[in-house]
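Report on one structure; see the data block that follows.
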Amino acid sequence: MIYLFDLDNTLWDTFDKNGNPIWAKQLVPPYQIKDDVVTDDVFSYCRLRKGVREYLEHLQHEDNQLGFISVGSYFGMAFSKQPSIQMLELFNISQYLNRFQVLEYKTFNKATFIDVLKGKIVFYDDNLKNFASLKDNVICVDALNIHDWSQLIGKKYD
């Protein structure tokens, strides 16, 4: 089975120093991490959602294909320098999401990538608009309803 994850507002939440929601691409290096919270140079922060690491590890051990698909790319920046890619590294979850790595600019349509994949796909995203045009082989999961990812361990999608 293929498991695809959006990043912002799905695996993590990012806020400016006043607590207003922002995108990970707005973070400014250098970064510091403590207890699954990355703080940037201007005191914005990115918090990994509860249970994410445990869930990804579980899925990988079950021999699934895992990846991410996000429209959180900072235009014109090298892939390895993208704040979202750096968050994956800092949170120590990049090794789980290595089968598919799609980080595009906000105008990218996720369905164009997902629809060419073969097999059963579970797709987690916080934006329900991204589910509208997907084919029948895709199980769509609203990430906004997941409060503890570890509670999904053992859940089977048919």
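The values are calculated or read from the model by the stated rules, or taken from the named source; none is laboratory data. Remember, it's a predicted structure, so these values are computed and weren't measured experimentally. Note that each Cβ is placed from the backbone with ideal geometry, even for glycine, and that neighbours are counted across all protein chains shown. To get the accessible areas, we keep the full protein, side chains included, count just its heavy atoms, and leave off ligands, DNA and RNA. Shrake-Rupley method; radii C 1.70, N 1.55, O 1.52, S 1.80 Å.
Quick notes on this one:
- Output for region 6-39, where each listed residue is in contact with a Leu (Cβ under 6 Å, 6 or more places away or on another chain) and open to solvent by less than 10 Å² (accessible area, probe 1.4 Å): Trp12, Val38
- Residues of region 100-145 that turn out to be open to solvent by 60 Å² or more (accessible area, probe 1.4 Å), over 24 Å from Asp40 (Cα atoms) and either among the hydroxyl-bearing types (Ser, Thr, Tyr) or in a helix (DSSP H, G or I) (or both), as a count: 7
- Region 1-26 residues that are assigned to a loop (DSSP other than H, G, I, E, B), paired with ones that are among the basic types (Lys, Arg) (beta carbon under 7 Å, 6 or more apart): Met1/Lys120; Leu11/Arg49
- Restricting attention to region 78-99, the residues that are in contact (Cβ under 8 Å) with a residue 40 or more places away in the chain and open to solvent by 20 Å² or more (accessible area, probe 1.4 Å) add up to 4.
- Selection within region 133-153 - of a type in the set (Gly, Ala, Ser), at pLDDT 90 or above and either out of contact with any Asp or Glu (no Cβ under 7 Å at 6 or more places or on another chain) or over 13 Å from Phe5 (Cα atoms) (or both): Ser150
- Qualifying positions in region 73-99 - of a type outside the set (S, T, N, Q), part of a loop (DSSP other than H, G, I, E, B) and over 19 Å from Gln60 (Cβ atoms): Tyr74, Phe75, Gly76, Met77, Ala78
- Residue within region 93-108 that is out of contact with any Phe, Trp or Tyr (no Cβ under 6 Å at 6 or more places or on another chain) and among the small types (Gly, Ala, Ser) present: yes
- Every residue from region 12-55 that is over 26 Å from Gln151 (Cβ atoms) and of a type in the set (Ser, Thr, Tyr): Tyr31, Thr39, Ser44
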